[in-house]
Amino acid sequence: MELAWYALLGLFFATYLVLGGYDYGVGLLLARGATPEARRAALNAVGPFFLGNEVWLVAAVGILFGAFPTLEGELLSGCYPAVLAALAGVVLVTAGVQLRSRPRGGAARAGWDRVVVAGSVLAALGWGALLGGLLQGVPPGGDGHVAGVGHLLTPFVAAAALALLALVAVQGATFLTLRLPASDVPSAARLARGLVPAALTAVATAAVLGLLSDRVRAAVGRPAVAVLLPLALVAALLVARAALRRGRAGVAFAATSAALALPAPLIGAALWPRVLVSTADPATALTVADAAASGPTLALLGWLALPLVPALLGFQAMCWWVFRGRTDGRAPVYW
């Protein structure tokens, strides 16, 4: 039962990273100094999906609170700067997108665009730091709880945060190749291809720092899975770049989506059966079974989730079907 809920938590968070990734990626690209018309076109491309994508984060947080209350408490207390930054970014992006159309002045819209950019940066860095902190392990206090937040101030966590930021930027640019009018696709594709080398560098840097980190090596229970993560990310990015060069926007978007979906399940698999690893003594780590709620609670939550999960999947599929194609009404080339 614990494994099923742990897998569902990873699935929901991975889906959020994929869908929210192009939200924040498009938000990041507003900082390129584009014209007001170009910024409006980019936001129009992501607009129909924006609020629906955040539902996956709400669902993931609901699973964390209900099915893994112990993990939720330790995670929020031990990694609260990363979580706070990520949630603040989500709020800023939501507020900026919703409010930028209210004022009539161009200066006010530009100000809200900067809010969207700042929120996108915070969200990407925050979630990346959280994933890096989980893979690195946490320091225990005398009472058995996570002590302090200084463990997040390491080169590996910083590199993991920057790697996710780069992946999000590539995801946003690739998404625009599917949604912008056909006349704007070549420039969006060039931008996406140009961002891939930066993402590859960021992923490689995080991988090297992880291999050199004693904390990461001690925390990882399955080294083969941990090594698979950067290799899979590099492969996905190379596939995306090749597909963009050939004008296959759908293949490129599938590849960048895989790159954002992989970290959550692979990090969970690399740590399994542990979920929070003590940097002092990995043998005393918090396991998934210890972090989970009681059996009756999980069973009750299962009956509640049974109708909600298909409804959520159906809503997402309907949203993509209704708003498929480009913003000028043309159909994109998927394959």
Exercise. Would you list the helices (runs of 4 or more DSSP H) that sit entirely within the range 188-301 and hold 3 or more residues that are small (G, A, S)?
Key: 223-245, 249-261, 263-271
Exercise. Scan (1) touching a helix residue (DSSP H, G or I) at 6+ places or on another chain (Cβ under 7 Å); (2) among the hydrophobic types (A, V, I, L, M, F, W, C); (3) open to solvent by less than 30 Å² (accessible area, probe 1.4 Å) for the single condition V97 breaks and write down its number.
Key: (3)
Quiz item: How do the pairs read when you match residues in the range 299-313 that are open to solvent by 80 Å² or more (accessible area, probe 1.4 Å) with residues anywhere that are assigned to a helix (DSSP H, G or I), using Cβ under 8 Å and keeping only pairs 6 or more apart or on different chains?
Solution: L308/A59
Quiz item: Do we find a residue being over 28 Å from L76 (Cα atoms), out of contact with any Cys (no Cβ under 6 Å at 6 or more places or on another chain) and either in contact (Cβ under 8 Å) with a residue 40 or more places away in the chain or open to solvent by 60 Å² or more (accessible area, probe 1.4 Å) (or both) anywhere in the range 277-298?
Solution: no
Self-check item: Which numbered condition G137 fails, given (1) open to solvent by 20 Å² or more (accessible area, probe 1.4 Å); (2) modelled with pLDDT under 85
Solution: (1)
Quiz item: Pairs, please: C-beta under 9 Å, at least 6 apart or cross-chain, first residue closer than 16 Å to A240 by Cα and in the range 171-187, second open to solvent by less than 30 Å² (accessible area, probe 1.4 Å) and of a type in the set (D, E)?
Solution: G172/D23; F175/D23
Exercise. Take G268 and decide whether it is open to solvent by 40 Å² or more (accessible area, probe 1.4 Å) and out of contact with any strand residue (DSSP E or B) (no Cβ under 6 Å at 6 or more places or on another chain).
Key: no
Practice problem: Can you confirm whether the range 188-211 contains a residue that is surrounded by fewer than 21 Cβ atoms within 10 Å (Cβ to Cβ), under 22 Å from A45 (Cα atoms), of a type in the set (S, T, N, Q) and without any contact (Cβ under 8 Å) to a residue 60 or more places away in the chain? | Solution: no
Exercise. Check the range 58-77 and report whether any residue there is charged (D, E, K, R) and buried (at least 22 other Cβ atoms within 10 Å of the Cβ).
Key: no
Quiz item: Taking the range 36-60, which residues are in contact with a Ser or Thr (Cβ under 6 Å, 6 or more places away or on another chain) and either among the basic types (K, R) or over 21 Å from G10 (Cα atoms) (or both)?
Solution: N44, A45
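The values are calculated or read from the model by the stated rules, or taken from the named source; none is laboratory data. The shown structure was predicted, so the numbers you read here are calculated from the model rather than taken from an experiment. Glycine gets a Cβ as well: all are built from the backbone with ideal geometry, and neighbour counts include every protein chain shown. Surface areas here come from the heavy atoms of the whole protein model, side chains and all, with no ligands, DNA or RNA. Shrake-Rupley method; radii C 1.70, N 1.55, O 1.52, S 1.80 Å.
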